[in-house]
Amino acid sequence: FPYTTLFRSPKSEYKKNMKKIAVHSLLLLIILGSGRLQAVAGPADKIRKNIECYFNDYLRGETPLYEKHQSFSLLKASAYRQLVWEAWKTANDELDEEKLIALDTLSASSKGKWHLPKELEPNAIMPYYWGSKGAEKPADGYPMYLYIHGSGPKQAEWKTGLNICSRFDDAPSVYFIPQIPNEGGYYRWWQKAKQYAWEKLFRQALVSGHVNPDKLFIFGISEGGYGSQRLASFYADYLAGAGPMAGGEPLKNAPAENCAHIAFSLRTGADDRGFYRNILTGYVKEEFERLQGLHPGLYKHHIELIPGKGHSIDYRPTTPWLKQYTRNPYPKYVYWEDFEMDGLHRKGFYNLFVKERPNDDINARTRYEMNITDNHITLNVDNVVYETVQKDPRWGIEMKFMKNYTPAAKGKVIIYLCDELVDLKKEITVTVNGKQAFQGKVKPDLKNMVNSCATFFDPQRIYPAAI
């Protein structure tokens, strides 16, 4: 539009030309403005779509690491963390799988079922109760309790679990109460098909919006006591606390060292001599007390041999003690004994991810001990070999052990980092087994957020940086 006509035109056309200028100017501003919005929103939308596609593949079992670099300033870390989590939630929503049923009040009618993968266990169907207790959801989400039952007839045990859990003083809360899929000989809560179920539970619960990610608890009775003790050590990085009852695992099956940052309750009758539960509970207590002495403030525990009680005890004190604790998702001291459970290893623990294990033997164990002081990270990686020093002569139960450590000679580890662990604006040094392995600044990269989200599926552990 020739603006000069404004000044050449007669007075009769002046107002008409002014209106044209106003309209065209407004259109120009709209066009420029929308172009600017597209310049900002367009790339973000594309990035999110790429991440969703990767998450879709990952959830279907295609698991290579995400390698697309996208650096950003630390000021944008919160926005990118939210973008990644929203992409993860969308991918989970779109995944063709059995979802948790809609959350309702915990009752006999609030039940669903999952079919577990047949390649992990044939004919395994896990019914479950999923429901809330208490009038209102807390602002940061419900605490979640996973309760696993004993080894009696599974239908009766499941019903009993619902009855007693409904009465425990831990509201407001949500409960997942499963029925064990099958019965029979050496059949346990920690075997691989059940591991699949627990990781699916964590994943779906954390994207549901109902659950506080720092208030997850596992507890159980008898066979559920054994199971929850093992699961507490294996999945400690997800947990605020664990509460096995009427159990007592040999420490080889559930290394206490892994429980540095959770509240651990174990209550067993002092006269519960079946499978040496009372003796083994005593050994667990001794070990937690030793570790607490070495690391004051860590290894919070309440381990009790209840006088005059056998296998039947009062179950009510456990969850009221647990509920006061909250997870620390960013500990600067991490002790992880990476052990196999039914032939499977965890991929990572807290902020550590294993790209290559130091030993090709599936049964081999590795100790990762990390300390962060200011911006210096010390990581010691050792092979662990157990020596049995006490064995039960009747059942052949290995009851007491010594551990031997030798430095690992190979392996690859990713150390994920965030502002809660180090000052990402400053230089970081990493020492591994006494030798400096890294010195310098690290740049935030979107691939670290994507990979840590896929590994841990935890909104608190979406890390912007890694070494």
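The values are calculated or read from the model by the stated rules, or taken from the named source; none is laboratory data. Bear in mind the structure is a predicted one, so any value in this text is a computation, not a measurement. FYI the Cβ positions are ideal-geometry reconstructions off the backbone, even for glycines, and counts take in every protein chain you see. Each accessible area value is taken on the protein alone, full model and side chains, heavy atoms only, with ligands, DNA and RNA left out. Shrake-Rupley method; radii C 1.70, N 1.55, O 1.52, S 1.80 Å.
Going through segment 199-228 one residue at a time, which ones are polar (S, T, N, Q), within 17 Å of TYR186 (Cα to Cα) and part of a helix (DSSP H, G or I)? Give the derivation first.
Going residue by residue through segment 199-228, those that are polar (S, T, N, Q) are 204, 208, 212, 222, 228.
Next cut, within 17 Å of TYR186 (Cα to Cα) only: 222, 228.
Within segment 199-228, SER228 is the sole residue that qualifies.
Among ARG81, ARG60, which is more than 30 Å from PRO181 (Cα to Cα), within 21 Å of the chain's Cα centre (by Cα) and open to solvent by 20 Å² or more (accessible area, probe 1.4 Å)? Quick ask: steps written out before the conclusion?
Numbers: ARG60 fails: more than 30 Å from PRO181 (Cα to Cα).
The unique qualifying residue is ARG81.
To keep it simple, each residue is scored yes or no on (1) in a helix (DSSP H, G or I); (2) more than 28 Å from TYR175 (Cα to Cα).
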{"position": "THR268", "(1), (2)": "no, no"}
{"position": "ASP271", "(1), (2)": "no, yes"}
{"position": "ARG277", "(1), (2)": "yes, no"}
{"position": "GLU287", "(1), (2)": "yes, yes"}
{"position": "ILE303", "(1), (2)": "no, no"}
{"position": "LYS309", "(1), (2)": "no, no"}
{"position": "TYR315", "(1), (2)": "no, no"}
{"position": "VAL334", "(1), (2)": "no, yes"}
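Please pick out the residue among GLY220, GLY209 that is closer than 19 Å to TYR129 by Cα and buried (at least 22 other Cβ atoms within 10 Å of the Cβ). Break it down into steps so the answer makes sense when it comes.
Working: GLY209 fails: buried (at least 22 other Cβ atoms within 10 Å of the Cβ).
Just a single option satisfies the conditions, and that option is GLY220.
Please go through segment 148-187 and pick out each residue that is open to solvent by less than 60 Å² (accessible area, probe 1.4 Å), in a loop (DSSP other than H, G, I, E, B) and among the charged types (D, E, K, R).
Within segment 148-187, just ASP170 meets the criteria.
Looking at segment 50-71, is at least one residue among the aliphatic types (A, V, I, L, M) and within 17 Å of TYR463 (Cβ to Cβ)?
Going through segment 50-71, the residues among the aliphatic types (A, V, I, L, M) turn out to be 51, 59, 65.
Remaining after also requiring within 17 Å of TYR463 (Cβ to Cβ): 51, 65.
Within segment 50-71, one or more residues are among the aliphatic types (A, V, I, L, M) and within 17 Å of TYR463 (Cβ to Cβ).
Collect the residues in segment 384-418 that are closer than 30 Å to ALA437 by Cβ, charged (D, E, K, R) and not in a strand (DSSP E or B), keeping them in residue-number order.
Once the filter is applied, which keeps residues that are closer than 30 Å to ALA437 by Cβ, charged (D, E, K, R) and not in a strand (DSSP E or B), segment 384-418 yields only LYS410.
If you scan segment 112-147, which residues turn out to be hydrophobic (A, V, I, L, M, F, W, C) and open to solvent by less than 20 Å² (accessible area, probe 1.4 Å)?
So the first thing to find is which residues in segment 112-147 are hydrophobic (A, V, I, L, M, F, W, C), and the list is 114, 116, 120, 124-126, 130, 135, 139, 144, 146.
Selection gives TRP114, LEU116, ALA124, MET126, TRP130, MET144, LEU146.
Got a number for residues in segment 428-448 being assigned to a loop (DSSP other than H, G, I, E, B) and either of a type in the set (A, V, I, L, M, F, W, C) or closer than 28 Å to GLN82 by Cβ (or both)? Spell out the reasoning first.
Initial filter on segment 428-448 (assigned to a loop (DSSP other than H, G, I, E, B)): 433-434, 441-444.
Next, from what is left, pick out any that are either of a type in the set (A, V, I, L, M, F, W, C) or closer than 28 Å to GLN82 by Cβ (or both): 441-444.
Total satisfying the criteria: 4.
When you look at CYS259, is it modelled with pLDDT of 95 or more and within 29 Å of VAL389 (Cβ to Cβ), yes or no? So that I can check it myself, show each step before the final result.
Details: modelled with pLDDT of 95 or more: yes; within 29 Å of VAL389 (Cβ to Cβ): yes.
Yes: the conditions hold for CYS259.
Could you list all residues from segment 317-332 that are under 30 Å from ASP272 (Cα atoms) and either among the aromatic types (Phe, Trp, Tyr) or in a loop (DSSP other than H, G, I, E, B) (or both)? Full working, then the answer.
First pass over segment 317-332, keeping only residues under 30 Å from ASP272 (Cα atoms): 317-325.
Answer for segment 317-332, where residues must be under 30 Å from ASP272 (Cα atoms) and either among the aromatic types (Phe, Trp, Tyr) or in a loop (DSSP other than H, G, I, E, B) (or both): PRO317, TRP321, LYS323, GLN324, TYR325.
Among the numbered criteria (1) modelled with pLDDT under 95; (2) open to solvent by less than 90 Å² (accessible area, probe 1.4 Å), which one does SER12 miss?
(2)
When you go through PRO331, PRO320 one by one, which is the residue that is surrounded by fewer than 14 Cβ atoms within 10 Å (Cβ to Cβ) and either in contact (Cβ under 8 Å) with a residue 24 or more places away in the chain or within 19 Å of MET399 (Cβ to Cβ) (or both)? Break it down into steps so the answer makes sense when it comes.
Working: PRO331 fails: surrounded by fewer than 14 Cβ atoms within 10 Å (Cβ to Cβ).
Only one candidate passes the filter, namely PRO320.
If SER228 meets every condition in (1) in contact (Cβ under 8 Å) with a residue 40 or more places away in the chain; (2) closer than 30 Å to VAL389 by Cβ; (3) surrounded by fewer than 20 Cβ atoms within 10 Å (Cβ to Cβ) apart from one, which number is that one?
Exception for SER228: condition (3).
Being among the hydroxyl-bearing types (Ser, Thr, Tyr) and surrounded by 15 or more Cβ atoms within 10 Å (Cβ to Cβ) is the filter; apply it to segment 363-400 and report the residue that is farthest from GLY411 (Cα to Cα). Full working, then the answer.
First, the residues of segment 363-400 that are among the hydroxyl-bearing types (Ser, Thr, Tyr): 366, 368, 373, 378, 386, 388.
Then drop every residue that is not surrounded by 15 or more Cβ atoms within 10 Å (Cβ to Cβ), which leaves 366, 368, 378, 386.
Values: THR366: 10, TYR368: 11, THR378: 16, TYR386: 21 Å.
Within segment 363-400, the match that is farthest from GLY411 (Cα to Cα) is TYR386.
Being open to solvent by 40 Å² or more (accessible area, probe 1.4 Å) and either touching a His at 6+ places or on another chain (Cβ under 6 Å) or more than 15 Å from PHE401 (Cα to Cα) (or both) is the filter here; which residues of segment 266-297 pass it?
Of everything in segment 266-297, those that are open to solvent by 40 Å² or more (accessible area, probe 1.4 Å) and either touching a His at 6+ places or on another chain (Cβ under 6 Å) or more than 15 Å from PHE401 (Cα to Cα) (or both) turn out to be ASP271, ARG273, PHE275, TYR276, GLU289, GLN292, GLY293, LEU294, HIS295, PRO296, GLY297.
Cβ contacts < 8 Å: first residue over 18 Å from VAL207 (Cβ atoms), restricted to segment 43-62; second residue part of a helix (DSSP H, G or I), any location; separation 6+ or different chain. Result?
These pairs meet every condition: ALA44/LEU83; ILE47/LEU83; ILE47/LEU446.
Can we say SER228 is touching a Cys at 6+ places or on another chain (Cβ under 9 Å) and among the hydroxyl-bearing types (Ser, Thr, Tyr)? It would help to see each step written out before you state the result.
Values: touching a Cys at 6+ places or on another chain (Cβ under 9 Å): no; among the hydroxyl-bearing types (Ser, Thr, Tyr): yes.
No, not satisfied.
Taking the condition of being over 16 Å from the mean Cα position of the chain (by Cα) and not β-branched (Val, Ile, Thr), how many residues in segment 220-238 meet it? Give the derivation first.
So the first thing to find is which residues in segment 220-238 are over 16 Å from the mean Cα position of the chain (by Cα), and the list is 220-227, 229.
Next, only the ones that are not β-branched (Val, Ile, Thr) stay: 220, 222-227, 229.
The number of residues fulfilling the criteria is 8.
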